1. Can you divide the C-alpha Rg of the protein assembly as shown by 2.2 N^0.38 Å and report the result to two decimal places?
2. Return the whole-Å distance between the Cα centroid of the stretch B:148-201 and the Cα centroid of the stretch A:86-129.
3. Take the Cα pairs of the stretch B:47-99, get the Kirkwood Rh, then feed it into Stokes-Einstein at 4 °C and 1.567 mPa s and tell me D in µm²/s.
4. At 1.4 Å probe size, with every protein chain present, just tell me what the per residue accessible area of the protein assembly as shown comes to in Å².
5. Kindly tabulate the residues in the stretch A:128-149 with an accessible-area decrease of at least 30 Å² between the chain alone and the assembly of all protein chains, using a probe of 1.4 Å.
6. Please list A:130-139, B:249-258 highest first by mean number of surrounding beta-carbon atoms within 10 Å per residue.
7. Averaged over every viewing direction, what's the projected area of the C-alpha convex hull for chain B? Give it in nm², one decimal, please.
8. Take the Cα gyration tensor of the stretch B:171-219, multiply each eigenvalue by 5, square-root it, and list the three semi-axes largest first, rounded to whole angstrom.
Amino acid sequence: MAEEHKIIFTGTMGAGKTTAIAAVAGKNMLRTEAANTDSSVAKATTTVGFDYGEIALPNGSVLRLYGTPGQARFAFLWRILARGALGLIVLVDNSRPDPLADLAMYLDNFADLVRRGVVVIGVGRSDTHPEPSLDSYYRFLESRQLMLPVFEVDVRESEHVLMMLDVLLSMLEMSDCEDETHG
Amino acid sequence: MGLAEVGLSEADGRRLRAMLMMALADGSLRARWRLVDASHARVVILDAAKIDRLPRLNQDNRIVAVLAGTADSVPAGARTLDWPIRAEALLALLRDAEAQAHSPRADATSGRPLIRLAELLRRTNLHATHGDAWLVTGMTRAPMYIAPQRKQFFCTESLRTLHRFDVRNDFEIAPIPATALPIANERPKPIAMLQWSIGLLTGTLGPLPWIDASATLQLQRFPEFQILHHEPAHRRLAAAFSRPVAGIDAAIEITKLDRHAVCSFVNGAELCGYLRTSDQPPSVARSAARTTGGSKRSLVQLLRRALGIETTDG
């Protein structure tokens with residue numbers, strides 16, 4: 001039977017959600033962009049609804065990739081999108097004033113996926129903004145008793161996006177063990 | 001392979017070198033023997049006058065032959081080489097060492113230089129470095145310079161060459177002053193790349209000697225896959241070890257990967273300082289592995305194929 005599966009990309013405005021989805025979905029992508037009116041972020045357009053890309057699976061099912069709008073006022077939409085999702089990729093922009101606070105906000109708002117451990121964190125612009133370091137991210141996660149993968153990535157590189165997706169799928173696969181262990 | 005002499009007179013040393021050169025020139029030996037320091041040697045020829053050094057030299061499974069005249073006293077069980085050295089006796093000794101190196105038992109115990117390098121690389125995480133820097137020759141065509149304090153290494157060759165290295169082969173590790181590092185001429189690479197690669201290589205030897213294979217292990221951070229040479233299986237292993245896992249056998253059962261893949265990953269992660277023993281109860285029970293062939297696993301394989309992600313069996 002054909003099924004629908006979804007993976008969510010979230011992160012602040014300009015973190016690269018649209019680019020990441022385009023890197024794997026290619027032409028099969030719908031963008032809902034509008035002119036950016038937030039002068040604090042240097043980009044011409046921003047996502048006002050959500051980005052959507054889809055990949056057909058060999059058995060007739062489909063994988064849907066959703067990119068959430070970045071701003072916190074859309075948190076209600078994040079929770080709707082997260083329902084039934086296989087996993088979450090959080091893209092953090094290291095050039096922002098407090099990337100760890102940004103991360104905290106997304107972890108709080110996607111608590112169910114975080115609890116299931118099906119989350120991968122991609123840190124962008126660490127080449128120009130090396131702080132917080134990966135060590136700081138891991139310390140931050142440890143303070144929340146979380147062990148999630150964190151990678152320095154450039155989402156313009158499709159290999160980086162695929163690597164995050166593969167790690168996410170591995171986390172999903174291994175969460176399978178745990179689910180079945182604990183019933 | 002390395003041959004060393006300890007305490008030989010100048011004349012005996014000269015004689016030994018000449019015999020070795022002749023044996024190498026006429027193809028009497030299979031291995032490319034070189035004269036090295038005793039700590040790196042597979043075979044050591046020890047003068048009977050320095051017999052007090054025998055116990056120490058006998059460590060690490062070296063072959064030590066005592067060069068002894070009829071009047072010399074040699075401990076029972078010690079291998080001897082009659083003085084003066086004869087070419088046939090030297091050849092027999094070296095061929096013995098070659099034969100042992102190709103026997104299954106020797107295979108299991110070989111890789112000592114690799115383990116020694118792994119130990120040195122591990123120490124760079126502990127800030128207890130040995131010497132200013134190290135020069136590694138014989139693993140790659142180009143020499144490898146390791147700068148522990150900079151957490152970098154220098155090598156003009158790709159690490160792909162290193163991954164083809166036969167762990168049974170010998171190579172040299174020598175301390176060098178930091179001033180000998182090719183800082184001006186070569187681009188440094190993060191030492192994690194080398195730690196990871198050496199860890200993967202040691203996987204054929206099993207878990208590193210200081211790893212308790214039955215201890216509960218967990219990653220404290222993920223390998224930096226975007227810069228580390230890795231196989232798709234390593235991503236699955238990383239996901240498995242993101243939770244406490246009850247040792248290497250449990251990891252094999254959970255991931256359905258072979259022992260070599262699991263030991264390679266564990267050793268690589270350990271050398272990089274990504275892995276720690278955990279006192280948390282393993283959250284992935286061994287019994288789980290029997291049921292992981294479920295629908296989620298099939299879905300994951302389907303998704304990987306659709307995304308064009310290279311997969312591994314298991």
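The values are calculated or read from the model by the stated rules, or taken from the named source; none is laboratory data. Just so it is clear, the structure is predicted and the values come from calculations on it, not from any experiment. Positions of Cβ are backbone-derived with ideal geometry, glycine not excepted, and every protein chain shown enters the neighbour counts. Quick note on the areas: whole protein, heavy atoms, side chains included, nothing else; ligands and nucleic acids left out. Shrake-Rupley method; radii C 1.70, N 1.55, O 1.52, S 1.80 Å.
1. Values: Rg = 28.1 Å, N = 497, 2.2 N^0.38 = 23.3 Å.
Normalised by 2.2 N^0.38 Å, the Cα Rg of the protein assembly as shown equals 1.20.
2. The stretch B:148-201 and the stretch A:86-129 have Cα centres separated by 34 Å.
3. On the way: Rh = 11.7 Å.
D = 111 µm²/s.
4. Details: 22490 Å² over 497 residues.
Value for the protein assembly as shown: 45 Å² per residue.
5. A:Leu134, A:Tyr138, A:Met147
6. Answer by packing, highest mean first, reads B:249-258, A:130-139.
7. Values: hull surface 80.7 nm².
Directional mean of the projected Cα hull area for chain B stands at 20.2 nm².
8. Details: eigenvalues 184, 37, 21 Å².
So the equivalent ellipsoid measures 30, 14, 10 Å along its semi-axes.
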